[in-house]
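> Take a look at the following structure, please.
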Amino acid sequence: MENTLPQHRQSRGWSQQRLADELGVSRQTIISIEKGRYDPSLPVAFRLANVFECTIEDLFIPPKAPDS
């Protein structure tokens, strides 16, 4: 899933480690989410939205549905 997490993180001047510490997850988790290789659990997605004071929809872009 595409996301805007790197832009939100960088706008605060935070490293991946700083964000990981804020959320209580590993830096590797942040890297995987940012690269779109891992979709976070719902609790982590809500914590991300809370940290960045936005909605989950502001952070994550769902894949487009294939044309039928």
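> Below 8 Å, C-alpha to C-alpha, sequence gap of six or more: please give me the relative contact order for region 6-51 in percent. Each step should come with its number before you reach the end.
Working: 23 pairs, mean separation 12.5, N = 46.
The value is 27 percent.
> Let me know the charge dipole size of the chain about its Cα centre in debye, to the nearest 20, where only the beta-carbon of Lys, Arg (+1) and Asp, Glu (-1) is charged.
On the way: 8 positive and 9 negative charges, 58 e Å.
The dipole of the chain has a size of about 280 debye.
> If I histogram all Cα-Cα distances within the chain using bins 10 Å wide from 0, what percent of pairs lands in each bin?
That works out to 21, 59, 14, 5, 0, in percent per bin.
> With label points built 7 Å along Cα→Cβ from the Cα atoms of Leu42 and Asp58, find their separation and express it in nm.
Result for the modelled spin labels: 2.2 nm.
> In nm, give the distance between the simple-model label positions of Asp67 and Arg12, each being 7 Å from the Cα along the Cα-to-Cβ direction.
Between Asp67 and Arg12, the simple spin-label model gives 4.0 nm.
> In nm, give the distance between the simple-model label positions of Val51 and Ser32, each being 7 Å from the Cα along the Cα-to-Cβ direction.
Taking the two extended label points, one gets 1.5 nm.
> Looking at the chain, which GluC sites (Glu not before Pro) are DSSP coil and have at most 11 other C-beta atoms within 10 Å of their C-beta? Before the final figure, lay out each step's value.
On the way: sites: Glu2, Glu22, Glu34, Glu53, Glu57; in loops: Glu53.
Answer in residue order: Glu53.
> Please give me the summed charge of the neighbours of Asp21: other residues whose Cβ is under 15 Å from its Cβ, Lys and Arg +1, Asp and Glu -1.
Numbers: positive: Arg9, Arg12, Arg18, Arg27, Arg47; negative: Glu22.
Net charge in that neighbourhood comes out at +4.
> Tell me the trypsin sites (Lys or Arg not before Pro) within the chain that lie in a loop according to DSSP and have at most 16 other beta-carbon atoms within 10 Å.
Numbers: sites: Arg9, Arg12, Arg18, Arg27, Lys35, Arg37, Arg47, Lys64; in loops: Arg12, Lys35, Arg37, Lys64.
Those satisfying the criteria are Arg12, Lys35, Arg37, Lys64.
Here, each number is a calculation from the coordinates, and none is a lab measurement. This is a predicted model, so every value here is computed, not measured. Heads up, the Cβs are rebuilt from the backbone with ideal geometry, glycines too, and the neighbour counts pull from every protein chain shown.
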